[in-house]
Every structure is written in C-alpha cells, then in structure tokens.
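Presented below is the structure to which this report refers.
The values are calculated or read from the model by the stated rules, or taken from the named source; none is laboratory data. Owing to the predicted nature of the structure, the values given are computational and were not obtained by experimental measurement. With ideal geometry, Cβ positions are generated from the backbone for all residues, glycine too; neighbour counts draw on all protein chains shown.
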C-alpha cells in the first residue's frame, strides 16, 4: 500500500526535504507519496509538521496515525485541542551534535575567559591562568535528550557537572538533582548555568530574581533552550549589579529579538540568533522514516510526546 504523507511546514524548509525525505523513505522500504496540499485530509496517513499558518486544525485528518514534528520543541502544537493524533518530537544526531557544539563552545569561552583576550587587555600583562575544568562547576538545567548529551560532553571535558530535572534522573558522571530543593542546591554551586528545559507553565521563569540570587556572584548564564525560561527583567537587573557576570542567549520570548530590546546593547550579554541547534534535513528525514516504519509494523513510536506534561 502506498502511504500518503503530508509535509506541512514553512515553505523555506521544503527544498531541502524534497530530496532528503524520499531518499530516507526508500532506504526504509516505505512506499509513500508526499504531498503539500490539504485538499483531501481524510487520505493522509502521516503528517510531517513544523509550525505554520496553514495547518492549525487537525480534526479533518481522520486517518492520520501520527504527527511527526521536525522540531525538538513542541510547545506551539502540544496544547492544540484539535490534535488527537499521537505527536512525536524530533530527536536526531544532527540536532544533538549542533547543541553540544554550541554549549561546549560557549562554556569553554567563559571558562577560559576568552573575551578579555579577544577584546584586548589594553596593555595589561595579566598572567593569571584560568582554573582547570575539574575546578569549575557547570550546571545543566533540563536532562532530556539534549540536556543529557550536553551534560555528558561537559563531564568528559572534566568539568564538575551538575544536572537538574523536575523528576529524578541517574546519568553516569553527572551529579543529578531534582525538585525545588535540588534546584536551589545546584544553583548555589554553579559558576556556569546552561538552560535546556522544555517550555511549560512549570518551567517558565525558572531563572528569576530569587533563583539568580542563589548563584555565586559573577556566574554565567547560557540559554540555548527556551526564551521563557528566564525572567528578562530579573536577568538584566542581575547583570547590572554584577550578580551575573555574563549571559549568552540564543532564544527569546519574541523572535527575531526586537531591535530596541536592551539585550542588544548590554555590555555583558551575547545575543546569538537562535542558531544553537537546527534540525538537519538529511538526518531528520531518517528519523521520520524510521518512525513511520515502526508505526506500520506495530512497534511503539519513538519520542512520543506526553501531551499532559507538554514534552
């Protein structure tokens, strides 16, 4: 039987996937036709999805067996009341490797104090060397697939690595904590904090005036997770007092970040334009094809979202 797959995503994504998806499907032994039209929703077997204005009502897709997201984050779709089909988030090597590279790069930048040398020492011959990685404490907030991958990479570099999640986790080489008390304990130790939590009502403003005050003075924040994890006003205030030494931010509540936002001009903020990790069509297409193959053979879907939890 030939399956019908709806590719419902922004137009800019289609050129790359138009070649990668058929190739991955063929390798997986899946006979499928890919459409971008929604004229016959009752004939669609699977929806390959990234947030767009065209598809907001999933009700007509009565035959669809799953919605397969191209994004790791699903906050823009998970609460859609018309979504009754199983929803799977994107977890793939390309996404994880990109996030690891970003996190490790910026942690090393702040650990080594590279900004001082890049910006110029102004003639001051300061020979104070940075500590070894084993003497620097880094915390990763959020221990999902990406958080675990990044925390493990940091531990392999030798950093004293803490991890925090809402529920208990055990990860080799990582000192794991959970719950409100665990978060407070982790923050009291962390000289560099990486935020990789999902965006849910429970995680909004995880870093606020109270939690930022727990950090050692001069701590660094790196946020490639979600903009809503940080109370922006509280972070700016903490930066102004020196409680937070620097913030490297890749995600924001409004994107693109408005030109008038104070992050752009703050001397202790680095803005990167949501580039920490991106879904790579070549690898993502194989994840999509593999999940369709599993579904068609009666196996459980990979990376299915718990809609009540929001991730």
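Give the residues of region 286-305 that are under 23 Å from residue 78 (Cα atoms) and part of a loop (DSSP other than H, G, I, E, B), sorted by residue number.
299, 300, 301, 302, 303, 305
Conditions: (1) assigned to a helix (DSSP H, G or I); (2) more than 21 Å from the chain's Cα centre (by Cα); (3) surrounded by fewer than 17 Cβ atoms within 10 Å (Cβ to Cβ); (4) at pLDDT 95 or above. Residue 105 meets all but one. Number of the miss?
(2) is the only condition that residue 105 fails.
Given the criteria within 23 Å of residue 245 (Cβ to Cβ) and either without any contact (Cβ under 8 Å) to a residue 60 or more places away in the chain or not in a helix (DSSP H, G or I) (or both), does residue 126 qualify?
It is true that residue 126 is within 23 Å of residue 245 (Cβ to Cβ) and either without any contact (Cβ under 8 Å) to a residue 60 or more places away in the chain or not in a helix (DSSP H, G or I) (or both).
Looking at residue 284, is it surrounded by 21 or more Cβ atoms within 10 Å (Cβ to Cβ) and touching a helix residue (DSSP H, G or I) at 6+ places or on another chain (Cβ under 6 Å)?
For residue 284, the condition - surrounded by 21 or more Cβ atoms within 10 Å (Cβ to Cβ) and touching a helix residue (DSSP H, G or I) at 6+ places or on another chain (Cβ under 6 Å) - is not met.
If you go through region 1-50, how many residues are farther than 26 Å from residue 76 by Cβ and over 29 Å from the mean Cα position of the chain (by Cα)?
Total meeting the criteria: 7.
Give region 41-51 a look and list any residue that's surrounded by 13 or more Cβ atoms within 10 Å (Cβ to Cβ) and either over 25 Å from residue 196 (Cβ atoms) or at pLDDT below 95 (or both), or say none. So that I can check it myself, show each step before the final result.
We begin by selecting, within region 41-51, every residue surrounded by 13 or more Cβ atoms within 10 Å (Cβ to Cβ); these are 41, 43-51.
Within region 41-51, 41, 43, 44, 45, 46, 47, 51 meet the criteria.
Please go through region 147-181 and pick out each residue that is touching a residue at least 40 places away in the same chain (Cβ under 8 Å) and touching a helix residue (DSSP H, G or I) at 6+ places or on another chain (Cβ under 7 Å).
Matches in region 147-181: 149, 150, 153, 154, 157, 159.
Going residue by residue through region 278-285, is there one that turns out to be under 30 Å from residue 17 (Cβ atoms), in a helix (DSSP H, G or I), in the same structural domain as residue 86 (by TED's automatic domain parsing) and in contact with a strand residue (DSSP E or B) (Cβ under 7 Å, 6 or more places away or on another chain)?
The answer is no, given that none of the residues of region 278-285 is under 30 Å from residue 17 (Cβ atoms), in a helix (DSSP H, G or I), in the same structural domain as residue 86 (by TED's automatic domain parsing) and in contact with a strand residue (DSSP E or B) (Cβ under 7 Å, 6 or more places away or on another chain).
Do we find that residue 139 is in contact with a strand residue (DSSP E or B) (Cβ under 6 Å, 6 or more places away or on another chain), surrounded by 21 or more Cβ atoms within 10 Å (Cβ to Cβ) and not in a strand (DSSP E or B) in this structure?
no
Mind listing just one residue for me: the one in region 185-204 that is touching a helix residue (DSSP H, G or I) at 6+ places or on another chain (Cβ under 6 Å) and either surrounded by fewer than 17 Cβ atoms within 10 Å (Cβ to Cβ) or at pLDDT below 95 (or both) and, of those, nearest to residue 102 (Cα to Cα)?
Checked region 185-204; the qualifying residue nearest to residue 102 (Cα to Cα) is 199.
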